[in-house]
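Colleague: For reference, the structure I am asking about is given below.
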Amino acid sequence: MQIMIYVFKTSVDSQAKFESASAYLDQLLPKSQWNFDLEDCDNILRVDSELNVAELLQNNTIFDCIELE
């Protein structure tokens with residue numbers, strides 16, 4: 001299966017939100033790599049995954065998440 005790169009604008013803008021989001025992502029995507037760029041104005045989340053994570057992440061209740069193109 002091919003690894004896809006997904007980029008999202010998020011509401012993760014504090015250490016507390018980052019910790020909650022990290023725990024959620026580690027549980028949801030154990031075989032994927034992800035990282036946040038909290039210095040970016042859009043609090044970017046980048047995910048490298050074989051799964052189609054767009055729907056999974058956009059429907060979560062931990063943080064707001066909009067896929068960028």
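The values are calculated or read from the model by the stated rules, or taken from the named source; none is laboratory data. The structure displayed is predicted, hence computed values, not measured ones. Glycine gets a Cβ as well: all are built from the backbone with ideal geometry, and neighbour counts include every protein chain shown. Quick note on the areas: whole protein, heavy atoms, side chains included, nothing else; ligands and nucleic acids left out. Shrake-Rupley method; radii C 1.70, N 1.55, O 1.52, S 1.80 Å.
Colleague: I'm told Asn60 meets every condition in (1) at pLDDT 95 or above; (2) open to solvent by less than 70 Å² (accessible area, probe 1.4 Å); (3) in contact with a helix residue (DSSP H, G or I) (Cβ under 8 Å, 6 or more places away or on another chain); (4) not aliphatic (A, V, I, L, M) except one. Can you identify the failing condition by its number?
Modeller: (1)
Colleague: Would you point out which residue out of Val12, Val47 is surrounded by 11 or more Cβ atoms within 10 Å (Cβ to Cβ), not in a strand (DSSP E or B) and not small (Gly, Ala, Ser)?
Modeller: Val12
Colleague: Identify the residue in the range 14-57 that is basic (Lys, Arg) and at pLDDT 95 or above and, among all such residues, is nearest to Gln2 (Cα to Cα). Let's see the steps before the verdict.
Modeller: We begin by selecting, within the range 14-57, every residue basic (Lys, Arg); these are 17, 31, 46.
From what is left, the residues that are at pLDDT 95 or above are 17, 46.
Working: Lys17: 30, Arg46: 16 Å.
Top of the filtered list is Arg46.
Colleague: I'd like the full set of residues that are of a type in the set (A, V, I, L, M, F, W, C) and free of Cβ contacts under 8 Å to residues at least 24 places away in the same chain, limited to the range 1-43.
Modeller: Correct list: Ala16, Phe18, Ala23, Leu25, Trp34, Cys41.
Colleague: Check whether at least one residue in the range 22-42 is over 18 Å from Asn59 (Cα atoms) and part of a helix (DSSP H, G or I), and report yes or no.
Modeller: No: the range 22-42 contains no residue that is over 18 Å from Asn59 (Cα atoms) and part of a helix (DSSP H, G or I).
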